[in-house]
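Reading through the structure tokens given below for one structure.
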Amino acid sequence: MAKISLPENSKFVKGDYYKSENNNNVKKIKIYRWNPDTKSNPKIDTFEINLDQCGQMVLDALILIKDQVDPTLTFRRSCREGVCGSCAMNIDGNNTLACQKNIKEIKGDISIFPLTHQPVIKDLVVDLSHAFKQLSFIEPWLQNNIGKPTKAEQKQTVNERSKIDGLWECILCFSCTTSCVSYWWNGEKYLGPAALLQASRWVNDSRDQERKKRLKYIEKNSNIHNCHSIMNCSNSCPKGLNPAKAIADLKKQIATNL
Ligand code: SF4
Ligand code: FES
């Protein structure tokens, strides 16, 4: 029988319970806590919050807890508008954006964990350096008139422009990549859904002159065939994008157009 051994300090210990002074309209929020400075095990703290004093979104609840209950609670956020991608975390079992997840959508207690299968820096903050390094491999910028800067407008037809719809909207929150089972096991080599959707964004841009070079790179170096269309990526994307479709499209272009 297979034996699983857990890394040091990975076993949960009993968390703290923070009771609300008000008993009306109370919601329990259970939050993963881990502080590398104390060298203690992770725990799940439970915070009761009064929904009458809180904004609508899960991020509002986290901000309220940080402001009024525990200032050491650590999480990333910036825009509060679903634009920066920094508040991605696992809420109620799905990777998503805390600023876009309405508290009312969640029945019962709310469980909040860091993005799945990533090294935790502290509490809900994970280290995405590897994912961003992988993004850099696909050279996510327009490559046109290389070495010859031009001030001329780079025009596209309506049809050409429509080919990057569903791709340019990506905000690089990595909810998709970190919910991909293939990425969990092969993330050292497989670039994952977010980087590949970004690759597709440039491959399909009519203004880019390096389409073939990009496709060759993806074919040789991205381990794109680690995508088995499990669809966790598309199901988790808080912007409603479809990385699995973008990956399938890249596979098709590699097979037919190289
Ligand atoms: S495709 Fe969606 S889930 Fe993936 S990084 Fe972009 S916005 Fe986030
Ligand atoms: S805070 Fe910017 S996307 Fe949530």
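Laboratory data are not the source of any read-out in this text; all were calculated from the coordinates shown. Owing to the predicted nature of the structure, the values given are computational and were not obtained by experimental measurement. Here the Cβ positions follow ideal geometry from the backbone for every residue, glycine too, while neighbour counts run over all protein chains shown.
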query = Ranked highest first by the average count of other Cβ atoms within 10 Å around their residues, in what order do 143-152, 60-69 fall?
reply = 60-69, 143-152
message = Run the Debye formula on the Cα coordinates of the stretch 8-126, all scatterers equal and no solvent, and tell me log10 I(q)/I(0) at q = 0.09, 0.18, 0.23 1/Å.
response = -0.22, -0.92, -1.49
request  = Taking every Cα atom in the stretch 129-257, find the radius of gyration and the maximum pairwise distance Dmax, and write them in Å.
outcome  = 14.5, 46
request  = List the pair-distance distribution P(r) of the stretch 94-167, using every Cα-Cα distance, as the percent of pairs falling in each 10 Å bin from 0 up to the bin containing the longest distance, rounded to whole percents.
outcome  = 12, 25, 26, 21, 13, 2
For the stretch 194-246 versus the stretch 102-133, the gap between their alpha-carbon centres in whole angstrom = 23 Å
query = Tell me, what is the percent relative contact order of the stretch 129-257, built from C-alpha pairs under 8 Å that lie six or more residues apart?
reply = 33 percent
query = Helix 58-68 sits at what angle to the longest principal axis of the chain, using alpha carbons and giving 0 to 90 degrees rounded to 10?
reply = 50 degrees
Angle in degrees between helix 243-257 and the longest Cα principal axis of the chain, rounded to the nearest 10 = 20 degrees
query = What FRET efficiency, computed as 1/(1 + (r/R0)^6) with R0 = 35 Å and r the Cβ-Cβ distance, is obtained for ARG207 and ILE121, rounded to the nearest 0.05?
reply = 0.40
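Could you tell me the ratio Rg/Rh of the chain? Both radii from Cα atoms, Rh via Kirkwood. Don't jump to the answer; show the numbers that get you there.
Working: Rg = 21.1 Å, Rh = 20.2 Å.
Using Cα coordinates only, the ratio equals 1.04.
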key: For the chain, calculated [θ]222 nm from helices alone, where every DSSP H run of n ≥ 4 adds -39500 (n - 2.57)   = -8500 deg cm²/dmol
remark   = Given pairs LYS27/LYS122; LYS163/LYS245; LYS213/LYS252 and cut-off 18 Å on Cα-Cα distance, the over-length ones are LYS27/LYS122
ask   = For the residue pair LYS251 and VAL69, what label-to-label distance in nm results when each label sits 7 Å from Cα along the Cα-to-beta-carbon direction?
value = 4.4 nm
query = Taking N as the number of residues in the stretch 138-177, what is its alpha-carbon radius of gyration divided by 2.2 N^0.38 Å?
reply = 1.53
